[in-house]
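Here the structure is laid out as C-alpha cells; the discussion comes afterwards.
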Amino acid sequence: MLTYKTELPEYNIDGESMQKEEHFTPITVGIMGGSASGKTTFAKALAEALSEFSPIVLNQDSYFRDWSEYSEAERERVITANHPDAVLWDALIADIKKLRARDAIDFPTTGTRAAQRGDEKTSVQPSDVVIVEGHLIFWSEDLRDLMDIKLFLDVDAHERVLRRMLRDVAQRDGDLEWAINWYRRDVLPNFPVYTEPCKQYADLVIPFQNENPVALHTLVAGIRKRIQESRTAS
C-alpha cells in the first residue's frame, strides 16, 4: 500500500482573506483512476497538504447503491461496483452542488450501502476545497462540469491487480479465490469501457506507480494560488 509523507511550507491566511472566504465557490478537485491506483492515498495526501483550508474528501464508494429493489437471488446476478449503475449519481451530484453553494450535507445517503449498514449519521460542513475521488467519477458529464481540476492517476495494470488482490484478500480473511472471481467478473469487463476511456477528460494525468511528490507539490501550489485569486476577486 502506498503511503505519503508531505513536508510543505506553512501557508498563512490573513484576517481579510478569512472574511472573504465564503464569497467564492469552493475549488472542486476530482481524482480518478483504476481500481487500486492510489486514489484514496493521493486524496488524503492532498487534503493533508491543504489542511489550512480543512478540505472535504468525498469518496464515490459512499454513494454505491444498496440494490435493495432486487431480491437476494437477483442481487447476486446484477450487483456491480465497476459499472456506472453502481452509483447513485443524483445524490452524489446534489451533494457536491450543495458543498459548492457552501451548504452542509448529511451522510449516509438514503439508498446507499452505507445507509443499509446503519452507519452513523454525520454532517459535513462546507470548505474552500472539495476533493472527490472514485474510479467512475468522470463518466458523468454533469459531475465533470462541477469539477475545477480533474486528475487521473496512471498506474501499470499489473501493479494495480497486485494491489487489489492484496487489499481484497486482507479484507476477506485470505479468500483469494473470491477476490480473483470478483475481479474477473466485475473489474476486467468494466474497466476498459467505463474507467480507462475517461482519462481523456483529465486536466492532468499523474503517474502514480510510486509516490509522486512533484505532482503533489505542484498541484497544492496551484490550488493555493487559485484560492488567493478567488478571494481577491470576491
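The values are calculated or read from the model by the stated rules, or taken from the named source; none is laboratory data. Values in this document were obtained by computation on a predicted structure and should not be read as measured data. Here the Cβ is made from the backbone with ideal geometry for all residues, glycine too, and neighbour counts use every protein chain on show. Note: accessible area is taken over every heavy atom of the protein model, side chains too, but ligands, DNA and RNA are not part of it. Shrake-Rupley method; radii C 1.70, N 1.55, O 1.52, S 1.80 Å.
Quick look at the numbers
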{"read-out": "For the range 93-198, size of Cβ-based charge dipole, Lys and Arg +1, Asp and Glu -1, in debye", "value": "160"}
{"read-out": "For the chain, with +1 on Lys and Arg beta carbons and -1 on Asp and Glu, the positive-most of ALA81, VAL205, THR41 along the dipole", "value": "VAL205"}
{"read-out": "Length-normalised contact order of the range 141-217 in % [C-alpha pairs under 8 Å, at least 6 apart]", "value": "52"}
{"read-out": "Greater than 19 Å apart at Cα, pairs in LYS97/LYS199; LYS97/LYS150; LYS44/LYS150; LYS98/LYS225", "value": "LYS97/LYS199; LYS98/LYS225"}
{"read-out": "Gyration tensor verdict on the range 120-180 (Cα atoms; rounded if a/c is under 1.5, prolate if a/b is larger than b/c, oblate otherwise)", "value": "oblate"}
{"read-out": "Excluding exposed DSSP-loop trypsin sites (Lys or Arg not before Pro) (at most 16 other C-beta within 10 Å), longest clean stretch of the chain", "value": "6-101"}
{"read-out": "Global geometry of the range 100-234, whether rounded, prolate or oblate, following the gyration tensor of its Cα atoms and the 1.5 cut on a/c", "value": "oblate"}
{"read-out": "Cα-based helix-to-principal-axis angle, 39-49 vs the chain, degrees rounded to 10", "value": "20"}
{"read-out": "Fraction of alpha-carbon pairs over 33 Å apart in the chain - percent", "value": "19"}
{"read-out": "Estimated dipole of the range 29-134 in Debye, rounded to 20 [Cβ of Lys and Arg +1, of Asp and Glu -1, Cα centre]", "value": "180"}
{"read-out": "Highest-MSF residue in the chain out of ALA73, ALA101, ALA36 [GNM, Cα springs under 10 Å]", "value": "ALA73"}
{"read-out": "Whole-Hz couplings from phi, Karplus 6.51/-1.76/1.60, listed for the range 62-74; x for Gly and Pro", "value": "5, 10, 5, 6, 8, 6, 5, 6, 9, 5, 4, 5, 5"}
{"read-out": "Gain upon complete extension [VAL193, ASP142; 0.36 nm per residue less C-alpha separation]", "value": "16.5 nm"}
{"read-out": "DSSP-defined beta bridges in the chain - what % are antiparallel, rounded to 5", "value": "20"}
{"read-out": "Placed amide H near VAL132: partners under 5 Å, 5+ positions off or other chain", "value": "VAL29, GLY30, ILE31, LEU58"}
{"read-out": "Percent RCO, i.e. relative contact order, over the range 67-211, from Cα pairs under 8 Å lying at least 6 residues apart", "value": "27"}
{"read-out": "Aspartates and glutamates whose Cα lies under 17 Å from that of LYS121, excluding same-chain neighbours fewer than 8 positions away", "value": "ASP61, ASP66, ASP95, ASP103, ASP106"}
{"read-out": "Two-site FRET efficiency, LYS98 against SER54, from Cβ-Cβ distance with R₀ of 22 Å, rounded to 0.05", "value": "0.85"}
{"read-out": "Charge dipole (debye, nearest 20) of the chain; +1 at Cβ of Lys and Arg, -1 at Cβ of Asp and Glu", "value": "260"}
{"read-out": "The range 171-214: C-alpha gyration tensor shape, a/c 1.5 cut-off, then a/b vs b/c", "value": "oblate"}
{"read-out": "Furthest towards positive pole of dipole, PRO192, GLN228, PHE24, structure part the chain, Cβ charges", "value": "PRO192"}
{"read-out": "Accessible area of the chain belonging to carbon and sulfur atoms, whole % at 1.4 Å probe", "value": "48"}
